[in-house]
Every structure is written in structure tokens, then in C-alpha cells.
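Quick notes on the structure that follows.
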Amino acid sequence: MQTQIQEYIPQLAIAKVLKLLEHDNLVIKIKKERKTRHGDYRPLPNGKHQITVNSNLNKYRFLITLIHEIAHFEAYKTYGRLIKPHGMEWRRTFQHLMLPFINPEVFPNNLLPLLANHFKNPKASSDTDVNLALALKQFDKPNNKTYIFEVPFGSLFKLYNGKIFKQGKKRVKRFECLEIKTGKLYLFNPNVEVEILKDE
């Protein structure tokens, strides 16, 4: 399975990634798209460790996600199971593992400053880093989705789960959106992908 991931990551990252995966008890699985996560890591009852990554990610996001999950595995091995999932131990491990990949051989030049900034203090999800997330999305396959920040004020839009919202005003970074069915107000990051509903 480790060799199967080669088609999902940048060519010049393959050798380094395969080196990181040289563990007998580490299993990598490539999954269909999951809307709520790009990948995950978990220790299995049989003593093995499993990492899953979504197959629909572009090669740069796939690489970041894979290293993110390998960092969980390495942090678990080094510090034990009582650490916080995205605590200091994981962040340090992620930074250390990711550093050799942040160069122009692996990533396009326009991503490098954004990656360098992100990895000063990596978050639980790269999606919360709006600038990096938007820059990564330019490498995705085209779809008919719109970003929240592109939705006109007062327009209706639909999320992947079918819930319908009305676009509200922008706060400092996020947008206020009213869920039509419940009347509840939610805050959305500008890089969330939605489908604008046309007026009948």
C-alpha cells in the first residue's frame, strides 16, 4: 500500500515520504472523499497503526495531510497516548517532519511563504489557515462550488450536508450566516465551499 501513495504526492517528495513510512506496524489507506476530514490516524487494537487520507486531494494537500497524520503516529510513539491530539508534542513533530519538504523542488514557489508561515505554529487543520487553504485550492480539480467570501450579501447558499443559509455580514475574519430552517446564526471561514441557490 505504501507504494500506492506515490501517484498522490509530488514526484520529488516520494523518496522522503517512503523513508518516513518504513514501519512494519504502520498501515496507510486511501479513502473516498470525506467531507469533514482530509485524513486521520488511529492506533489499532492489534498493535498496528492506521493512517487514512482522502483520494480526492490535490498532490500538495495530500502530502501535507499525510505528514500531518504521520506526525500523530510519531508523537504517539515518542510521547505516549496521553498527549493532546494537536498539542505541543504533535506540533513540534509535524514541524520537524514537514521542514525537509518545504522547498521549491516539492511545492510551487507561491505556496512556500504561506507554508513557512503556517508551520511556525501549525493548526489542527490547514483549512483554518485561510490564505494557505485558498492557495492550495487553486490546484484542485474544477468544481461548481463558490467560496463563502464570494457569496453576495443576502444570498442563499447550500452546504454539502443540504443545510441552507443566508449570507450575512463579515466580522473580522469570518462571515455571519443564518441557517434558514432553525434561525440560528453561524460563523463561517471565508474559504468554505458552498453552492449558491439561484432565485426561482
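Can you tell me the alpha carbon radius of gyration of segment 40-131 divided by the globular rule-of-thumb value 2.2 N^0.38 Å? Taking the Cα Rg and dividing by 2.2 N^0.38 Å, one obtains 1.10. Semi-axis lengths, largest first, of the ellipsoid equivalent to segment 146-196 are 14, 12, 9 Å, with √(5λ) applied to each eigenvalue of the Cα gyration tensor. Annotation: aspartates and glutamates with alpha-carbon distance below 19 angstrom to Lys19 (same-chain offsets under eight excluded): Glu7, Glu69, Glu74, Glu105.
Cross-link partners of Lys184 among aspartates and glutamates, defined as those whose alpha carbon lies under 17 angstrom from its own and excluding same-chain residues fewer than eight positions apart: Glu176. For segment 1-103, GluC sites (Glu not before Pro) are listed when DSSP marks them as loop and at most 15 other Cβ atoms sit within 10 Å of their Cβ; the list is Glu22, Glu33. Restricting the count to DSSP beta bridges whose residues both fall in segment 2-137, what percent are antiparallel, rounded to a multiple of 5? So the antiparallel bridges amount to about 50 percent of the total.
Summed over qualifying helices (DSSP H, 4 residues or more, each -39500 (n - 2.57)) and divided by its residue number, the chain shows a 222 nm mean residue ellipticity of -8000 deg cm²/dmol. For Leu26, the residues 5 or more places off, or on other chains, whose built amide H falls under 5 Å of its own are His49. Put in order of Cβ neighbour count within 10 Å, fewest first, the listed residues Asp140, Asp129 become Asp140, Asp129. Inter-label distance, Lys16 to Lys35: 3.5 nm, where each label sits 7 Å from its Cα along the C-beta direction. Considering only Leu57, Leu66, Leu12, the Gaussian network model of the chain with Cα springs below 10 Å gives its largest mean-square fluctuation to Leu12. Counted over all Cα-Cα pairs of the chain, pairs farther apart than 22 Å make up 54 percent. Counting every other Cβ atom within 10 Å of each residue's Cβ, Phe119, Phe139 order from fewest to most as Phe139, Phe119.
Read-outs throughout are calculated quantities, based only on the coordinates presented, and are distinct from any laboratory measurement. This one's a predicted model, so the numbers in the text were calculated from it and none came from an experiment. Cβ: placed from backbone, ideal geometry, glycine included. Neighbour counts: every protein chain shown.
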